[in-house]
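Shown next, in structure tokens, is the structure this report addresses.
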Ligand SMILES: [Zn+2]
């Protein structure tokens, strides 16, 4: 979990507080062996007409520049570390954001003025804006007591004795903890791991017992503390002074009040980009901490949690690969003569995988059967028993179009379990992404009913597996099969942690998936249906993924994207009336990959659903695999430029009309 800070940027404005920020920047640069950029932004009003910063004021600009360099050199005199001055013009937050990206900075240090009243509100938002806008962590230094920082402060070592961080056991929180732990080890500080319990600890967590309330409370507290302590590996725990803290209430309040009472020197929090509505209801921990913390605050944005930290881990390993789930036992699910969902579909795909230009480029992931407990997370025991009873038995019809054969139960368990394996190995970082080439398909399967060629709902079960077994918090399911994934929608329509985004032909089998099906109760807004008329092609689909899926995904911030990949949107498919070309699947995949790169470090797993043209299905899977593996990098602007404006607008405007109340990005 150790982090690297090769380049630190310290933003200064030459106020006395800048000295405090520099003091921190210089000390961190020493501790982490970093190169320090000391920046100052000359705040000229921009020339509206020529777009350059005050181009008419040449003389003045030069004076300002000379002054800034002189001041920086004064501040930094006698410093024996690798550093350089940077002077820019413009708006300080914009300039700091730009420099951070351009110079590949790992950490930004800035000071927050201890002002009050209106000034505090205004200046407070500058730091908040910086924290939200930066793709890298921001350390906001704060002067705890009124004092006049002296010139020689830079020569004294920075003392960080107590660090406090909030943990909610999510994937993000692991990344935040990585920063807190690294700082604690560097500064030899005690690390307080706080878990805020927003509701009183009660029977929601364990079965109610007859034990007196106090005892249950104690038992649960102990359990939570153990869980907290476990977040740090044994090896790291040896070198670190750890203390677990449970707080009842909102994390923002908890962090600030605990920090005041316990003389905390640094609070480490993640930056969450919540939707406007969600923020209104629960507020943002980051904002609360930036406004109220009595000490310095380190904010860690999701881009870093999902990208950089793991990037470093990945670099030390061998090159990442794209995994594929393939297994002959999937061919044992026999559906009868003339059935479109037959074993020849996978045979065509597996034959393609053995072609010389594919063989050896993808690593096989062995499936395992899904456990009964895992199926029970979504399917009813009676239904599981019913499917289990078909094992080894002659053909049986669940519905007029959904059949089983002696090998169907095993294949269905392996289909869900194969996806679990793929998800687990992508989440662990062993594979960059993966494609589960499995059958029977799953997205029509309901809790107690198989239908539409589906027995168990592989993708829905995969999302539950990622949450229950891997601890991920938010999963995005993208379903581009020509048919609506009614089963997947129904499982999660009340769940704000699984976002279901589906494009499908409409009206068409199974009849569901209108624009107005947006989820229920707490899950309202987390079901996004894009029903489409006939004839949508590459450009329109990719544009929908760029202009609707991307902004919603960015706001939702999934930890993983799972795709229900149906090839029945291909122009030659007998089941649908869409016009996607084989190459179109590459662009579609590239768009989803870019979304995954931004949201969740590229963590993306495809699962096979429909697609019934035996001549094209192999080729379609091939272009997707080559895109996933980076063998091809398809253009997105090219197909979208050719999209039918009318077709796209129809989908875009209706979706926006229905969903803009849930997603501020739309
Ligand atoms: Zn389909």
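Between residue 646 and residue 594, the C-beta separation translates, for a Förster distance of 25 Å, into a calculated FRET efficiency of about 0.45. Highest mean packing first, where packing is the average number of other Cβ atoms within 10 Å per residue, the peptides 331-339, 654-662 line up as 654-662, 331-339. Averaging Cα coordinates gives a centre for the stretch 616-666 and one for the stretch 75-93; these two points are 43 Å apart. In the stretch 398-425, which residues have a backbone nitrogen under 12 Å from the label point lying 7 Å from residue 389's Cα in the Cα-to-Cβ direction? Output list for this probe position: empty. Looking at the square roots a ≥ b ≥ c of the eigenvalues of the Cα gyration tensor of the stretch 320-659, which shape do they give, rounded for a/c under 1.5, prolate if a/b is larger than b/c, or oblate? The shape class here is rounded. Expected output is a single nm value to one decimal: the length gained when fully extending between residue 248 and residue 16, i.e. 0.36 nm times separation in residues minus the C-alpha distance. What is it? Separation in residues times 0.36 nm, less the Cα-Cα distance, equals 79.7 nm. If you plug the beta carbon distance of residue 104 and residue 62 into 1/(1 + (r/R0)^6) with R0 = 25 Å, you get a FRET efficiency near 0.30.
Which residues in the stretch 604-624 have a backbone N closer than 20 Å to a point placed 7 Å from the Cα of residue 534 along the Cα-to-Cβ line? What the label zone holds, given the 20 Å backbone N cut-off, is 611-613.
Distance between the pseudo-spin-label points of residue 410 and residue 337 (7 Å out from Cα toward the beta carbon): 2.6 nm. Computed extension length for residue 30-residue 447: 144.3 nm, one decimal, from 0.36 nm per residue of separation with the Cα-Cα distance subtracted. When each of the peptides 448-459, 98-109, 72-83 is scored by how many other beta carbons lie within 10 Å of its residues on average, the order from highest to lowest is 448-459, 98-109, 72-83.
Using the Cβ-Cβ distance between residue 363 and residue 572 with R0 set to 45 Å, the FRET efficiency from 1/(1 + (r/R0)^6) comes to roughly 0.90.
Name the residues of the stretch 424-456 whose amide N is less than 18 Å from a point 7 angstrom out from the Cα of residue 373 along the C-beta direction? Backbone N within reach: 424. Roughly how many nanometres apart are two label points built 7 Å out from the Cα toward the Cβ at residue 91 and residue 355? Once both label points are built, they end up 5.0 nm from each other.
Each value in this text was obtained by applying a stated rule to the coordinates, not by laboratory testing. Nothing here was measured: the structure is a model prediction, and the numbers come from that model. All Cβ positions, even for glycine, are placed from backbone atoms using ideal geometry, and neighbour counts span all protein chains on display.
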